[in-house]
Amino acid sequence: MFSRIMVANRGEIALRIIRACRELEIETVAICSKADERASYLKLADITVCVGPEDAEGSYLNIPSIISAAEITDIEAIHPGYGFLSEVGHFAEVCESSNIVFIGPKSDVLKKLGNKTEARKIAIANKIPVVPGSESVIKNQQHALEVAHKIGYPVIIKASAGGGGRGMRVAHNDISLVNSLAVAQREAEASFKDPSVYIEKYIENTRHVEIQILGDNYGNIFHLGERDCTLQRRHQKIIEESPSPGISERLREEICKAATKIAKAVNYTNAGTVEFLVDKEGNFYFIEVNTRLQVEHPVTEMVTGIDLVKQQIRVASGERLNLKQKKIKNQGVSIECRINAEDPQNEFRPQPGKITAYHTPGGYGVRVDSHAHNGYEISPYYDSLISKLIVYQKTREEAIACMKRALSEYVIEGIKTTIPLNLELISHPQFASGNINTIFVENLLSKS
Ligand code: MV4
């Protein structure tokens, strides 16, 4: 096992990783930017190194600065968390060549799966259902039109280097396809320095179901069941839960088997998530692999009893996974609400500023993953996630009741948050029915 690792992230996930390390008796080196220097979660790390200015480009994404801090503090491994450098193949490669263990998949796997067109090809080669679409990157306008005519409208244009819904565009006819293609390619170039896009049939009213995967360095790969992340707004997930209320036991098994097959095909190691779309008829389609620990990982931890962050650290240090697929028994129901410092009444405008009163919910079945506290100052430089409220109960009904109760106990003053929106969503009869789809949130928001 490692004796000292670096946590190359900030906020709630940095705290989540530091907490796991403390339980494993591993020393932590936290990094921070100028904006986070006084954040109190840093006090729980053994050492803190300021790696750059406020902007993420100069600090949390600054590879030379982070690697220098790693060399100076003599750490053995780096946990990248989610976002920032967590899926950057080049960063993992730099770690590997500097004799630092990157706590995540190997750099070649990150690169392979980071290219969503490649990931699609791997799925096809392994007979995993994918959405009908282009077999490769779109070469030109003519090629895009040919693909669209073959699969039929509507189609969706996605960036090869993208993921998580960034830079996606839907087209309903030739004219909008031609326009959207140019826009999507420009956006992809601007966002990912790679203009490559691919095309899929656009499937309406889907559920978004993702499978948690965990692998060690000895070829053992397990799935830890699914999370349902259908409740999103503009590709930002709001509420996640496990198990998915929208799939049968048989379908769940099939999807989990497909996810494991893809992971095995690339010799996947460490934690990962295989994403699928599920339509009303119960057809499922592979969409992409997220090669990192995800924001919503706690719901899987609650229903499996497996601490994903500790497992990530253990497998990275070379330990074997002491698990048996048959013995991973998902039990109960877990729901997570993301609480963002945003104003839902005002186009979700970010709410930087000081928290002037703070009281977290507690009690049976409640978990709060947050670095926030009274007096905490929310910085305008980073994303607005300030807390994840997670509940765990025997049934979905009880989990919903618990979440309602916990959300209504949560006091955050001084800034606006998405707590009221979460309360509205969780209290909605359509959420209780489990029968929600992509347009549920948008409809609800347009009414209020
Ligand atoms: C799609 C889709 C419809 N058709 N792909 C969402 C996450 C990102 N990884 C890909 N996403 C989607 N891909 C095809 N071919 C719709 C979505 C989607 C979505 C799906 C389920 C639930 C909520 C969603 C919100 C936005 C986009």
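Observations on the structure shown:
- Among residues of region 337-347 being surrounded by 18 or more Cβ atoms within 10 Å (Cβ to Cβ) and in a loop (DSSP other than H, G, I, E, B), the one that is modelled with the lowest pLDDT is Pro344.
- Whichever residue in region 406-448 is among the small types (Gly, Ala, Ser) and at pLDDT 90 or above and, among such residues, is surrounded by the most Cβ atoms within 10 Å (Cβ to Cβ): Ala406
- Failed item in (1) out of contact with any Cys (no Cβ under 6 Å at 6 or more places or on another chain); (2) within 14 Å of the ligand (Cβ to nearest atom); (3) basic (Lys, Arg), with Lys193 passing the rest: (2)
- Unmet criterion (only one of (1) loosely packed, with under 12 Cβ neighbours inside 10 Å; (2) touching a helix residue (DSSP H, G or I) at 6+ places or on another chain (Cβ under 6 Å)) for Leu308: (1)
- Odd one out for His223 among (1) part of a strand (DSSP E or B); (2) within 16 Å of the ligand (Cβ to nearest atom); (3) of a type outside the set (Val, Ile, Thr); (4) open to solvent by 20 Å² or more (accessible area, probe 1.4 Å): (2)
- Residues in region 1-52 that are in a loop (DSSP other than H, G, I, E, B) and in contact with a Gly (Cβ under 6 Å, 6 or more places away or on another chain): Asn9 only.
- Pairing residues of region 332-356 that are free of Cβ contacts under 8 Å to residues at least 12 places away in the same chain with residues that are among the acidic types (Asp, Glu) and open to solvent by less than 20 Å² (accessible area, probe 1.4 Å), at Cβ distances under 7 Å and at least 6 apart in sequence or on separate chains, gives Arg349/Asp343.
- Of all residues in region 196-216 being of a type outside the set (A, V, I, L, M) and more than 16 Å from the ligand (Cβ to nearest atom), the one that is most open to solvent (accessible area, probe 1.4 Å): Ser196
- Condition check for Ala148: part of a loop (DSSP other than H, G, I, E, B), of a type in the set (A, V, I, L, M) and at negative phi: no
- Subset of region 113-136 (residues that are modelled with pLDDT of 95 or more, more than 16 Å from the ligand (Cβ to nearest atom) and assigned to a loop (DSSP other than H, G, I, E, B)): Asn126, Lys127
- Boolean, Phe276 is more than 10 Å from the ligand (Cβ to nearest atom), in the same structural domain as Asn437 (by TED's automatic domain parsing) and crowded, with 20+ Cβ neighbours inside 10 Å: no
- Pair list, Cβ < 7 Å and 6+ apart or interchain, from region 33-48 residues that are at pLDDT 95 or above to residues that are charged (D, E, K, R) and surrounded by 19 or more Cβ atoms within 10 Å (Cβ to Cβ): Asp36/Arg10
- Within region 68-83, tally of residues that are under 13 Å from the mean Cα position of the chain (by Cα) and surrounded by fewer than 22 Cβ atoms within 10 Å (Cβ to Cβ): 2
- Of all residues making up region 159-182, the number that are within 18 Å of the chain's Cα centre (by Cα), within 12 Å of the ligand (Cβ to nearest atom) and either buried (at least 16 other Cβ atoms within 10 Å of the Cβ) or in a loop (DSSP other than H, G, I, E, B) (or both): 7
- Thr260 vs. criteria crowded, with 20+ Cβ neighbours inside 10 Å and touching a residue at least 12 places away in the same chain (Cβ under 8 Å): no
The values are calculated or read from the model by the stated rules, or taken from the named source; none is laboratory data. All values reported here derive from a predicted model rather than from experimental measurement. Here Cβ is always computed from backbone atoms with ideal geometry, including for glycine, and neighbour counts include all displayed protein chains. Surface areas here come from the heavy atoms of the whole protein model, side chains and all, with no ligands, DNA or RNA. Shrake-Rupley method; radii C 1.70, N 1.55, O 1.52, S 1.80 Å.
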